[in-house]
Amino acid sequence: MVIGHLKRVDWGLALVMALSFGSGAWVLWHEGWGVARGILEEDAALFFSILPKVALGCLIGALIRRLIPRETIEQNIGEGSGLKGLAIAGLIGLLFPAGPFTIFPLAAILVTSGADRGAAVAFISGWLLVGINRAIIWEMPFFGMDFVLFRFLISLPMPVLLGLLARWRGFDRVFIGNGQPERRDAP
Amino acid sequence: MIVLGFTIFLGAIAVCLSLLALKRGRPVFVTSLEDAKGQFLHLLPRLLIGILGSGFLAHLLPKELVLAWFGPKSGMLGTALATLAGALTPGGPVVGYAIGAAALKAGADYAQVVAYVTAWSLLTFNRILTWELPSMPARLVLVRAIVSLPFPFLAAFITVLIKSN
C-alpha cells in the first residue's frame, strides 16, 4: 500500500515540484519576502476558490463511472468508436462548463473506464480550443465577436483531428489506457 | 457572477447524478462518494504545489518579451515564435487573451495571433505543469502534447488562406 502510494509520485509531479519550489525560491531570493508573500496570497486565494469545483469534478467523474456501464463508454468513445466517438468526446468538451481542475481529472477517469486515448485527447482539446464557457467568459471581452467567431469556426474540426492523430498505432508504446495505464507489472 | 453560476450548474449536475445513483441503491452512491473522496485527496497536494508554481512562474516570465515576438509579415518563423510564445505564456484564463489582443491592436498579424491563441490554448507549458500532469497519467499528457504541436501552424495556415481571398 505504502509502496503503491510512493509509486504515484511520478516524474510529472517531480518536475512540477522542482519548478514550483525552484521558482518560489528564486523570487524569494531575488525580490524578497514582500513580493513572494503577495504571490503566495494570490495563490492561496486561487487554491481555496477552486476547491469546491475540484470536489464537484471528482464527484461527477466518480458518479459517471458508477452510473454509466463501462461497456457504454467503451462502445461510444472507446477504441473502436471511430470518428463518431471522437466527435462525441469533442462535443462533450465543447459543452462542459468547467475549468482545468475539473477537465483533467475527468479525462483521467474516462480513460480508466473505457475511453481510449484518442477520445481523451478529443475531449480535452474540445474544451481547450472551442470550449463555449471559455470563449464567452474570457475570450470575447478581449477580442470581440469577429476574432472569437473566426477562431472558433476554424478550430471546430480540430478536436476530432487531434483525437485521430492520438489514435495512431505508434503511440501504443507511449500510452495504452483502457484501464491498463502505465502499471504493466500489475496482475 | 457568471463564474459562480457555473459552479452552481456543476453542483446541479452533481446533485442530479447523485439522485440517479441513490435510485439505483444506496451502495452505488456511497462507493461513488468514496471514489470521489479518494481522488480528491489524491489531487489536493498536487494542485497546491502546481498552483504555487503557477504564481511564481507567471511572475518570472518577461511579458514584454513575449509581446515583442509577434511581428506582422513574420511568416513561418513568426508562427513558430508565436507558437513558442503561446506555449510559454502562463495558463489561467486571462493572460494569453490579454497579450494576444494587445498584440493584435499593436498591429501584429491576424494569423500569428490565431496561432498564438491556439498554441496557448493547447500547449501552455504552465497549464500542463499546474493542472494536467498532476491529474492525468504523464504518458497521456505526452501524447496529447505531441499531437498538438502542428495545430498552431495549421490554424495560422488556414487563417492566411481565408484572409487572403
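Only the coordinates and a few stated rules stand behind these numbers; no lab work does. This structure is a prediction, so every number in the text was calculated from the model and none was measured. All Cβ positions, glycine included, derive from the backbone under ideal geometry; neighbour counts span all protein chains shown.
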Checklist outcome for this item: Between the Cα axis of helix B:151-163 and the main Cα principal axis of chain B, the angle (0 to 90°, nearest 10) is 50 degrees
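Let me have the 222 nm mean residue ellipticity of the protein assembly as shown computed from DSSP H runs of 4+ only, each contributing -39500 (n - 2.57), with the sum over all residues rounded to the nearest 500.
Values: 16 runs with 264 residues, N = 352.
After summing the helix terms and dividing by the residues of the protein assembly as shown, the value is -25000 deg cm²/dmol.
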Checklist outcome for this item: Ranked by GNM mean-square fluctuation in chain A (Cα springs under 10 Å), the top entry among A:Val35, A:Val130, A:Val174 is A:Val35
Checklist entry - Residue-wise, which Karplus ³J(HN,Hα) couplings in Hz belong to region B:115-125, taking 6.51 cos²θ - 1.76 cosθ + 1.60, θ = phi - 60°, and x for glycine or proline? => result 4, 4, 5, 4, 5, 5, 5, 7, 10, 2, 3
Next on the checklist: How many angstrom lie between the Cα centre of region A:149-175 and the Cα centre of region A:18-34?
Outcome noted: 37 Å
Checklist outcome for this item: A student applying the Cα gyration tensor rule (rounded when a/c is under 1.5; otherwise prolate if a/b is larger than b/c, oblate if not) would label chain A oblate
Checklist entry - So how much slack lies between A:Val174 and A:Leu51, counting 0.36 nm per residue of separation and subtracting their Cα-Cα distance, in nm? => result 41.1 nm
Checklist entry - What's the exposure ranking of B:Leu10, A:Leu46, going from fewest to most Cβ atoms within 10 Å? => result A:Leu46, B:Leu10
Checklist entry - Which of B:Val28, B:Val141, B:Val114 moves most in a GNM of chain B, Cα contacts under 10 Å? => result B:Val28
Item to check | Of the DSSP H helices in chain A, those whose Cα atoms cover at least 30 Å axially and whose Kyte score averages 0.5 or more | outcome: A:11-67
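Let me have the relative contact order for chain A, percent, based on Cα pairs under 8 Å that are six or more residues apart.
Numbers: 187 pairs, mean separation 38.1, N = 187.
Relative contact order comes out at 20 percent.
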Checklist entry - What's the lysine pair count for the protein assembly as shown at a Cα cut-off below 29 Å, pairs eight or more apart or interchain? => result 11
Checklist outcome for this item: If B:Asp35, A:Asp43, A:Asp172, B:Asp109 are placed from fewest to most neighbouring beta carbons inside 10 Å, the sequence is A:Asp172, B:Asp35, A:Asp43, B:Asp109
Checklist entry - So what's the angle, to the nearest 10 degrees on a 0 to 90 scale, between helix B:95-105 and the longest Cα principal axis of chain B? => result 30 degrees
Item to check | Rounded tilt (10° steps) of B:75-88 against the dominant C-alpha axis of chain B | outcome: 30 degrees
